[in-house]
Structure formats: structure tokens, C-alpha cells
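One structure below.
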Amino acid sequence: MNLNSLMIGSEDPKPLVAYYTKLFGEPMGSEGVYTWWQVGTGGFTVAEHDQVKGKNASPGRVIWNIETADVKGDFDKLKAAGATVVQEPYNPGGTDEMWVATFSDPDDNYFQLVSPM
């Protein structure tokens, strides 16, 4: 098996599409209610979903990660592009080998930059 993508469902995907376009550039594609981006070898889709209402009440329940060798540098790029910062880069466990930075989208879904594992 190979996990290669995720979908972010929203009652109103337009603000999410605008937000992620600011951060990751023009989407790879869009069809109907689906808009998707490629990030490295994986990707994510934003779509309208009839079972999602309002903002995420538990944003820490599911957090998707983007692996990068330069968490601090990519953090600065995303922040400059308008990303909403939840947690600036930190090293859990006090080791310089692992860095994490957390962001939130307009529906309060969390995503992170993480060092390679």
C-alpha cells in the first residue's frame, strides 16, 4: 500500500482554495468541487463535503505533515505567503535532528512542516 494523498472536506471550500493557492501556488487541477495540489510525491485535495459544517472543532485530531529538510526556511516562506501560524519551529524532545512547525487553514485544520524521519 502507499498513502499518496488526502482530502480536506469543507462546507465552503473557496476560502481554503484561496489560502492553499497563496501557500503552494496554482493547483495542479480543479474539477467541479475538487481542487488539488501536488507537494513532493504526495498531494492533497480540497472539496465541498455535505457532512462537514463550519470550522474544525478539534483541529489537533488529524494533522497532515509536509516533510522538509529546512523546516525553519520553509516556515519563513509559508509565513511570508500568509500562512496562519499555530506553533513556530520547535524541536520536540530537545534534539536538533527533529523540527516541527504547525499551521492552521481557514477551517482550523492543522498541518505541519516536519524534519525527515
- Task: Rounded to the nearest 0.05, what FRET efficiency do V62 and D96 give with R0 = 22 Å and r taken as the Cβ-Cβ distance? Could you check?
- Result: 0.20
- Mean Cα-pair separation over length for the chain, i.e. relative contact order, pairs under 8 Å, 6 or more apart, %: 26
- For the stretch 38-117, give the magnitude of the charge dipole about the Cα centre (Cβ charges: +1 Lys/Arg, -1 Asp/Glu; no others), in debye to the nearest 20. 160
- Note on the structure: Placing each pseudo-label 7 Å from Cα in the direction of the beta carbon, K14 and V52 end up separated by a distance in nanometres of 1.6
- When the solvent-accessible surface of protein heavy atoms is calculated with a 1.4 angstrom probe, in what order do Y20, Y110, Y90, Y34 fall, highest first? Y34, Y90, Y110, Y20
- Task: Would you please state which residues of the stretch 91-117 a label at K77 would reach in this model, taking the label point 7 Å out along Cα→Cβ and a backbone N cut-off of under 14 Å?
- Result: 113-114
- the chain, helix-only ellipticity at 222 nm - DSSP H runs n ≥ 4, -39,500 (n - 2.57), divided by all residues, nearest 500: -5500 deg cm²/dmol
- Residue pairs, from the table K14/K77; K55/K77; K22/K79, whose Cα atoms sit over 18 Å apart: K14/K77; K55/K77
- Message: I want the antiparallel fraction of DSSP beta bridges within the stretch 32-117, as a percent rounded to 5.
- Response: 75
- Compute the long axis of helix 71-80 from its Cα atoms, compare it with the longest principal axis of the Cα atoms of the chain, and write down the angle in degrees, 0 to 90, nearest 10. 40
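The values are calculated or read from the model by the stated rules, or taken from the named source; none is laboratory data. Quantities reported herein were computed from a predicted structural model and do not represent experimental measurements. Every residue, glycine among them, receives a Cβ derived from its backbone with ideal geometry; neighbour counts consider all protein chains shown. These accessible areas exclude ligands, DNA and RNA; they are computed on the full protein's heavy atoms, side chains included. Shrake-Rupley method; radii C 1.70, N 1.55, O 1.52, S 1.80 Å.
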